[in-house]
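Before any comments, here is the structure.
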Amino acid sequence: MEQTHQSNSNNRGVQVISVSQVAFAATMIFLGILSLIKGDFAPIWQPALKNVPAREPLVYLCALISLLSGIGLLWPRTAAVAARVLLIYLLPWLLLFRVFHLFVAPAAQDAWSGFGETAAIVAGAWVLYAWFASDWERQHLGFATGSKGLRVARVLYGLALVPFGLAHFNYPRETASLVPIWLPWHIGWAYFCGGAFIAAAVAVLIGVGARLAAALSALQLALFTLLVWVPIVARGSNAFQWSEFLISVAVTAGAWVVADSYRGIPWFAVGKR
């Protein structure tokens, strides 16, 4: 689904549903249902708002937003509204909790990892919003829609990849322990994947081979989910491992949408950010 096709389709009042959009929507639906069942924030938002007043109503409100927005993304007539609501919902989480946490604990790897995870998801939501923005939004909110909106989303995604890569270098042994046992050179894979994330981040941010970088980083995240967390969950996981699996799925969905936003751009294009 090319960007021009998305834009032209939106102007005619017809919106195209991509596979990446369906995957992102399904993830939001599942997270919303999970929050409703557990009566707590989904793992991708933890830890959050432990002592805030009216926390329980806020949990259910956020769960409903995630669930209904995900459903809305699956229907062409409601995709624009759903993408708009989802971005308005996700962006404050990134700014108020993840970015704020960076200032509170700038040396903590957890703070940077949390920022990266949320930023990747927000980037996916921002791509969908840029695709499906109304004519009024394109005229009055040009910085957040169309090609400019896609640029913001891609920069956000590029920034998200940096802490993913650094975590592999900061915790090589912990990362190596997650490498499937049938693969050799576990430490080598840890460093290789960390370097791949950082290289992809640079490519996306400077716009050199950005499409290839986005696609390969999304594939890397997907393989990590499938080869690491799926077997762990299948064997019976604890609460932490289950949370990590869900976070990995959500981040992969966001990455897939961002990678899809490069359709129509040459794989090795220079300056196509």
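The values are calculated or read from the model by the stated rules, or taken from the named source; none is laboratory data. Just so you know, these numbers come straight off a predicted model, no measurement behind them. Cβ placement follows ideal geometry from the backbone for every residue including glycine, while neighbour counts extend to all protein chains displayed.
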Q.
Being modelled with pLDDT of 90 or more, among the aliphatic types (A, V, I, L, M) and under 15 Å from A123 (Cβ atoms): is that true of L159 here?
A. yes
Q) Mind checking which residues of the range 104-122 are free of Cβ contacts under 8 Å to residues at least 40 places away in the same chain and of a type in the set (G, A, S)? A) A105, A107, A108, A111, G114
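Only one residue in A133, A153 is over 15 Å from A255 (Cα atoms) and either at pLDDT 95 or above or buried (at least 17 other Cβ atoms within 10 Å of the Cβ) (or both). Which one? Spell out the reasoning first.
Values: A153 fails: over 15 Å from A255 (Cα atoms).
It is A133.
Just to be sure I understand, how many residues within the range 44-61 are within 20 Å of F245 (Cβ to Cβ) and either touching a Gly at 6+ places or on another chain (Cβ under 8 Å) or at pLDDT below 75 (or both)? Please lay out each step first, then the result.
From the range 44-61, those within 20 Å of F245 (Cβ to Cβ) are 44-48; that's our starting set.
Subset that is either touching a Gly at 6+ places or on another chain (Cβ under 8 Å) or at pLDDT below 75 (or both): 46-48.
Counting residues in the range 44-61 that are within 20 Å of F245 (Cβ to Cβ) and either touching a Gly at 6+ places or on another chain (Cβ under 8 Å) or at pLDDT below 75 (or both) gives 3.
Looking only at the range 71-115, count every residue that is in contact with a Lys or Arg (Cβ under 7 Å, 6 or more places away or on another chain) and part of a loop (DSSP other than H, G, I, E, B) and tell me the total. It would help to see each step written out before you state the result.
Looking only at the range 71-115, we keep the residues that are in contact with a Lys or Arg (Cβ under 7 Å, 6 or more places away or on another chain), and these are 114-115.
Next, from what is left, pick out any that are part of a loop (DSSP other than H, G, I, E, B): none.
So the answer is 0.
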Q | Some residue of the range 133-141 being over 30 Å from G194 (Cβ atoms), in a loop (DSSP other than H, G, I, E, B) and without any contact (Cβ under 8 Å) to a residue 24 or more places away in the chain | A | yes
**Q.** Qualifying positions in the range 18-47 - assigned to a loop (DSSP other than H, G, I, E, B) and farther than 13 Å from Y89 by Cβ
**A.** S18, G39, D40, Q46, P47
(Q) For the range 200-224, which positions are surrounded by fewer than 18 Cβ atoms within 10 Å (Cβ to Cβ) and over 18 Å from the mean Cα position of the chain (by Cα)? (A) I206, V208
Q) Restricting the search to the range 214-273, which residues are of a type in the set (K, R) and without any contact (Cβ under 8 Å) to a residue 12 or more places away in the chain? A) R235
